[in-house]
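Notes follow once the structure below has been shown.
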Amino acid sequence: MKPILVKSMIGLLVVLGAAACMGANTENAATINQTEDYGVFLSLKGREAVEASEGYAIAVIDAQNLSADEIAEMQARGQTVYSYLNVGSLETFRPYYEEYESLTLKPYENWENEFWVDNVDVYGQFPTEETCAGVEYVLKSLMSHGRPVVINGGDQFVKAYLQQNQQVDDILTGVNQETVFSSINFSDRSLGTQKETTHNYYVDYLNDMDAAGVDVFLLEYTTNSELAAEINEFTAQKGWRYFISDSIELDG
């Protein structure tokens, strides 16, 4: 998508790396009860996205998959709409892939249709001053359009920026973190529970972001009702938003 067009009408969920995009193992699936405060519907197109997201106060879609009229319809019913924008990798199915193919660095692990490019989450792979400056430029450029920018992933860069500048207000308005409680096993395409060390790391990171005064979102993948209840209780105490998907496709 052309970012300037997206920024002119809706907020951005900036993905500092790959977005989940594979089928989930739904064995032992259970009914997951969650709020309708925040929902993510990246794989749905057109009317499917409009209908599936109805009732959610905040909805994340891929603006390339919807018309301007469909997005306007969502906004008219009172929704805050964010568009997915991947600035950490180049996806082969995007119409601009060939134009920027020369910028790719290496394949993105676990995502056969994506390649690293010389920008945002590449900081986690190559934490140099040059990379840091490039990431900062991208995010400040997005923020200059006066729309909310929520970063998914990219915690290493965000933490480094916060430590150096004592604030993150000029590069983002919120952070979204996947798999704080849940986990994805790419070898057998199954969903599970996050390791304690990783869980604690993410919670510490999100606490820092909360203390910095930005919005905090969690995106989890599970069919386990007990884990879902734990997520609900934890985020309610924190005042954070969350969305639980039973499909890594994020197809509603």
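The values are calculated or read from the model by the stated rules, or taken from the named source; none is laboratory data. Keep in mind the model is a prediction, meaning the values are calculated, not measured. Glycine also receives a Cβ, built like all others from the backbone with ideal geometry; neighbour counts cover every protein chain displayed. Note: areas computed on protein heavy atoms with side chains; ligands, DNA, RNA excluded. Shrake-Rupley method; radii C 1.70, N 1.55, O 1.52, S 1.80 Å.
Name, by its number, the condition in (1) open to solvent by less than 20 Å² (accessible area, probe 1.4 Å); (2) closer than 23 Å to A59 by Cα; (3) at pLDDT below 95 that does not hold for S182. Failed condition: (3).
For Y123, the criteria (1) touching a helix residue (DSSP H, G or I) at 6+ places or on another chain (Cβ under 9 Å); (2) modelled with pLDDT of 90 or more hold in every case but one, which is (2). For G192, are the conditions met, namely being farther than 16 Å from L85 by Cα and either open to solvent by 10 Å² or more (accessible area, probe 1.4 Å) or in contact with a Ser or Thr (Cβ under 8 Å, 6 or more places away or on another chain) (or both)? So G192 passes the test.
Taken as a whole, the range 40-50 holds no residue that is open to solvent by 50 Å² or more (accessible area, probe 1.4 Å), at pLDDT below 75 and of a type in the set (K, R).
Consider the range 131-170 and keep the residues that are of a type in the set (V, I, T) and at pLDDT below 95. The one that is farthest from Y201 (Cα to Cα) is V138. Evaluated against (1) open to solvent by 30 Å² or more (accessible area, probe 1.4 Å); (2) part of a loop (DSSP other than H, G, I, E, B); (3) without any contact (Cβ under 8 Å) to a residue 40 or more places away in the chain, I171 falls short on exactly one condition, (1).
Among the residues making up the range 41-68, those that are outside any helix (DSSP H, G or I) and farther than 13 Å from Y82 by Cβ are S43, L44, K45, E54, G55, S67. Of everything listed in (1) in a helix (DSSP H, G or I); (2) crowded, with 22+ Cβ neighbours inside 10 Å, the single unmet condition for T197 is (2). Being in contact with a Phe, Trp or Tyr (Cβ under 7 Å, 6 or more places away or on another chain) and open to solvent by less than 10 Å² (accessible area, probe 1.4 Å) is the filter here; which residues of the range 220-241 pass it? Within the range 220-241, E220, I231, T235 qualify. Scanning the range 174-197 for residues that are free of Cβ contacts under 8 Å to residues at least 12 places away in the same chain and among the hydroxyl-bearing types (S, T, Y) yields S187, T197.
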